[in-house]
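Chemist: Quick one: this structure, given as structure tokens, is what I'll be asking you about.
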Ligand SMILES: [Zn+2]
């Protein structure tokens, strides 16, 4: 943070940025979250102190930093429900339960400042950098946030039930800055309403002795009499999720990656671990090396099938065998599409969902021992889409894919447009440009946008370069809902 505004300062900053790039210290040019947290099992709370070394990678001079407070959507008077009406009884088997986040103190470079909560649903923490305070590109500021979480009893990404506690999107996380402002999109009851930048994390978490902790990071544990302390660490991840519970763990090592499978009860635990390992191997071969030292799959309570986080996937314990396997493959594909290569999941869900569905089909092609005919699976998707398309005509539904979460009529519409139509679009592209150019396009997309956020045109450009064809109108026809193949 600097108060000087002279051209000299800008030149010095530009020079230092160049030196940074040349000195091969790119890993320093990310924000660093350090969180010290205590989980209280009796009261279902987490008390935490966070110190964020925010790195200004926006290219703009900032006078504030905005942060999402996603747990706010689980409070009683939240404007947007985290659960669609049709899933309320699945989500709350013991009746409605509420939680939330209470920010008790915010500091700026060690000095207390006002706690300012804003956003459409009191879901954005605004950290003003002070009068005349400005953060230049390439500079850092240290933001301290003390907060307490109340965890609701809900089968969701943020909630406890049975023997596990899911902590997804649980801490204040910096909003992405683009087009001259912070992106502060609010929650949605369907989809994954998240968008963030890669950062480094160091988290120490105290839990009652005997509980297991699965997380995005590498884990080390110090045992105590009453509580165990877990040190969790991860680099270049766009989110950091944790599951606490009475869980067993099975491990394997594949391609230099520690694969961990956490579960409370699973007769097929070895099979699940093998599936996660096969998926990491298959997608590493197809798209590019998985970049993190660990990958954990956690069988836990969850109202949807699964949920992707960097180096960690939640898979619902309510799924049957074949759906469970498919969810493991789909969520593992998200490690490439969403995890390493990010995109705005609120505005362009088809990018990561369509690619993860398509990748699931590629997995089955490469692993015939799973006994799933990839062509039949695709034909089923087409059949399902025809039903949706007929429903579009009957019920005046929209079949465009380029809508934000909240602009779809319901979960049904979102699912068909993002997952099913997304997969059909990428599959059609594969037929049009050929398998080699298609796979090379995905490899280039992965390598070119690793640890960044990509836009639709970035993805389209990768396929255009490998196939030497203009493809913008191909994508536009699908995403804007102009492909009326069944009319
Ligand atoms: Zn998905």
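The values are calculated or read from the model by the stated rules, or taken from the named source; none is laboratory data. Owing to the predicted nature of the structure, the values given are computational and were not obtained by experimental measurement. So basically every Cβ, Gly included, is an ideal-geometry build from the backbone, and we count neighbours across all protein chains shown.
Chemist: Which residues, counting only those in region 328-342, are more than 9 Å from the ligand (Cβ to nearest atom) and more than 19 Å from residue 439 (Cα to Cα)?
Modeler: Residue satisfying the conditions is 328 alone.
Residue-wise test of (1) within 16 Å of the ligand (Cβ to nearest atom); (2) assigned by TED's automatic domain parsing to the domain that holds residue 189; (3) modelled with pLDDT under 95; (4) out of contact with any helix residue (DSSP H, G or I) (no Cβ under 7 Å at 6 or more places or on another chain).
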| site | (1), (2), (3), (4) |
| --- | --- |
| 273 | no, no, no, yes |
| 276 | yes, no, no, no |
| 281 | no, no, no, yes |
| 288 | no, no, no, no |
| 294 | no, no, no, yes |
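Chemist: Out of region 184-211, which residues are within 14 Å of residue 39 (Cα to Cα) and surrounded by fewer than 21 Cβ atoms within 10 Å (Cβ to Cβ)?
Modeler: 204, 206, 208, 209, 210, 211
Chemist: So if I check each of 181, 221, which one is surrounded by fewer than 17 Cβ atoms within 10 Å (Cβ to Cβ), in contact with a strand residue (DSSP E or B) (Cβ under 9 Å, 6 or more places away or on another chain) and farther than 30 Å from residue 250 by Cα? Break it down stepwise before answering.
Modeler: Values: 221 fails: farther than 30 Å from residue 250 by Cα.
Unique residue meeting the criteria: 181.
Chemist: For region 462-475, how many residues meet the condition of being within 17 Å of residue 350 (Cα to Cα) and surrounded by 18 or more Cβ atoms within 10 Å (Cβ to Cβ)?
Modeler: Total satisfying the criteria: 5.
Chemist: In region 301-319, which residues are within 20 Å of residue 87 (Cα to Cα) and either in contact with a strand residue (DSSP E or B) (Cβ under 7 Å, 6 or more places away or on another chain) or within 12 Å of the ligand (Cβ to nearest atom) (or both)?
Modeler: 301, 302, 304, 305, 306, 307, 308, 314, 315, 316, 317
Chemist: Inside region 350-362, can you point out the residues that are touching a helix residue (DSSP H, G or I) at 6+ places or on another chain (Cβ under 7 Å) and within 14 Å of the ligand (Cβ to nearest atom)? Talk me through it step by step, then tell me what you get.
Modeler: Applying the first criterion (touching a helix residue (DSSP H, G or I) at 6+ places or on another chain (Cβ under 7 Å)) to region 350-362 yields 350-351, 353-362.
Scanning region 350-362 gives 350, 351, 353, 354, 355, 356, 357, 358, 359, 360, 361.
Chemist: Six or more apart or on different chains, Cβ atoms under 7 Å: show the pairs whose first residue is in region 350-365 and over 18 Å from residue 459 (Cα atoms) and without any contact (Cβ under 8 Å) to a residue 60 or more places away in the chain and whose second is more than 9 Å from the ligand (Cβ to nearest atom) and not in a helix (DSSP H, G or I).
Modeler: These pairs meet every condition: 364/372.
Chemist: Tell me, yes or no, whether region 105-117 has at least one residue that is surrounded by 18 or more Cβ atoms within 10 Å (Cβ to Cβ) and either within 20 Å of residue 157 (Cα to Cα) or touching a helix residue (DSSP H, G or I) at 6+ places or on another chain (Cβ under 7 Å) (or both). Lay out the reasoning, then the answer.
Modeler: Filtering region 105-117 for residues surrounded by 18 or more Cβ atoms within 10 Å (Cβ to Cβ) gives 106, 108.
Remaining after also requiring either within 20 Å of residue 157 (Cα to Cα) or touching a helix residue (DSSP H, G or I) at 6+ places or on another chain (Cβ under 7 Å) (or both): none.
No, the conditions are met nowhere in region 105-117.
Chemist: Take residue 407 and decide whether it is closer than 29 Å to residue 81 by Cβ and away from the ligand (no atom under 13 Å from the Cβ).
Modeler: For residue 407, the condition - closer than 29 Å to residue 81 by Cβ and away from the ligand (no atom under 13 Å from the Cβ) - is met.
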